[in-house]
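The values are calculated or read from the model by the stated rules, or taken from the named source; none is laboratory data. Not measured: the values here are computed from a predicted model. Cβ atoms come from the backbone with ideal geometry, glycine included; neighbour counts cover every protein chain shown.
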């Protein structure tokens, strides 16, 4: 029987059927991204998807097992973002980073230094809503070099060596709303890196055995760490000492750092543990021994339960203010060879609520040595300090100490030893707990101190 449709109508009908059937078939993108069952090797499928230049690679829910790094060579593949929607997981079953971003940016953060090809093909690589889990002793999470405006958000990275590893040169990095958790190495590792402008915000960085945020052999400027929970990033036993935040500028360079509004704590049982440890003993300008690196703000944090809560060495220009600090098992604060430090309005406490677990053995106390030109004002210390004194200032000059409250401190409140051209004024130093109160102020050695009020 002859069709009742005219030829043109039949053509339209066939096109419509073809379009409808195409909706029922898997789209090319779904075919490219692999099986996602956690068993099959999806390395080639993921690498092909990246190399195709798809741009925005969205991974459906599933576990994508890979055995070698997925390399995102931005100069070749162009602008790339990878998203897991919170339901996709990469299982890195081989050595190296699960995702490796490689860019060619060799300039600074100044827009005039960014080459046209970087703007055209490379800037702002992104990873969002993805889980990365290690399945190999040398597996890592994400590594990047040569990138501009790398943005990492809403990630969970576990059971790898280093969660996020930045090396060589990167500029304008953002890391936010991420969980870098339970890794064998470092949570955020700034390794032999030239990096200016990096914001770390609203992250949970915990139980990384090699440290929480660690910088080594790097030139770092404009590092902002804010409103994060950073806990237990160290291993107990004979593991090498590390810290929740460890910025080691030994023979390198560090400056313009803000650590604000974080909870940073645990664990005093790890050897050499610290919450914040910063060392700026770098290669000096020729023929000088000046302390030059620093410009650091540590403000409004909650810090507890390590050997030393805050430890600064060879730092110039730092403000430590508004922090709540307790359970320093060796010291609450150490300043060594520092210049132009303001220590103001901090609370150093021994709270009976934390009497469990042997915290009564915490020695607490503040130790400042070989430093100069510092203002120590409005701090509050309460509770017995085991050691020479609640506050020890030794081999220092031009120190202005005012408005301190030191209560129920034990043997000595304030000890000044070999302190010159300095002043103490307006302090309340009193012990009403000890049966035989110790000295409020002890001045020893070759000291030149004016004590008022």
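Before moving on, here are some points about what is shown:
- Lone unmet requirement of (1) crowded, with 19+ Cβ neighbours inside 10 Å; (2) under 22 Å from residue 80 (Cβ atoms); (3) out of contact with any helix residue (DSSP H, G or I) (no Cβ under 7 Å at 6 or more places or on another chain) for residue 196: (2)
- Counting only residues that are part of a loop (DSSP other than H, G, I, E, B), at pLDDT 95 or above and crowded, with 20+ Cβ neighbours inside 10 Å, the stretch 340-369 holds 3 of them.
- Selection from the stretch 99-119 of residues that are closer than 13 Å to residue 147 by Cα and not in a loop (DSSP other than H, G, I, E, B): 100, 101, 102, 117, 118, 119
- Looking only at the stretch 171-187, and only at residues there that are over 13 Å from the mean Cα position of the chain (by Cα) and buried (at least 24 other Cβ atoms within 10 Å of the Cβ), the one that is nearest to residue 101 (Cα to Cα): 171
- Test result for residue 293, crowded, with 17+ Cβ neighbours inside 10 Å, closer than 25 Å to residue 226 by Cβ, more than 18 Å from the chain's Cα centre (by Cα) and at pLDDT below 95: yes
- Yes/no for residue 279 being crowded, with 24+ Cβ neighbours inside 10 Å, in contact with a strand residue (DSSP E or B) (Cβ under 6 Å, 6 or more places away or on another chain) and in contact (Cβ under 8 Å) with a residue 12 or more places away in the chain: no
- All positions within the stretch 30-56 that are touching a helix residue (DSSP H, G or I) at 6+ places or on another chain (Cβ under 6 Å), over 16 Å from residue 121 (Cβ atoms) and outside any helix (DSSP H, G or I): 33, 34
- Only one of the listed residues (152, 130) is buried (at least 19 other Cβ atoms within 10 Å of the Cβ), under 19 Å from the mean Cα position of the chain (by Cα) and at pLDDT 95 or above. That residue is 152.
- Qualifying residue in the stretch 325-336 (condition: at pLDDT 95 or above and outside any strand (DSSP E or B)): no
- Residue ID - nearest to the chain's Cα centre (by Cα), chosen from residues in the stretch 199-217 that are under 20 Å from residue 281 (Cα atoms) and surrounded by fewer than 24 Cβ atoms within 10 Å (Cβ to Cβ): 216
- A count restricted to the stretch 370-391 and to residues that are touching a strand residue (DSSP E or B) at 6+ places or on another chain (Cβ under 9 Å), within 18 Å of residue 307 (Cα to Cα) and surrounded by fewer than 21 Cβ atoms within 10 Å (Cβ to Cβ) stands at 3.
- Taken over the stretch 392-426, the criterion of being surrounded by fewer than 23 Cβ atoms within 10 Å (Cβ to Cβ), closer than 17 Å to residue 338 by Cα and more than 34 Å from the chain's Cα centre (by Cα) is satisfied by 417, 418, 420, 421, 422.
- In the stretch 227-276, the residue that is nearest to the chain's Cα centre (by Cα) out of those that are closer than 21 Å to residue 322 by Cα and in a loop (DSSP other than H, G, I, E, B) is 228.
- Flag if residue 63 is under 21 Å from residue 155 (Cβ atoms), out of contact with any helix residue (DSSP H, G or I) (no Cβ under 8 Å at 6 or more places or on another chain) and either at pLDDT below 95 or surrounded by 13 or more Cβ atoms within 10 Å (Cβ to Cβ) (or both): yes
- Residue count for the stretch 136-149, restricted to those that are assigned to a loop (DSSP other than H, G, I, E, B) and buried (at least 18 other Cβ atoms within 10 Å of the Cβ): 2
- Residue in the stretch 67-77 that is touching a strand residue (DSSP E or B) at 6+ places or on another chain (Cβ under 6 Å), part of a loop (DSSP other than H, G, I, E, B) and more than 18 Å from residue 152 (Cα to Cα) present: yes
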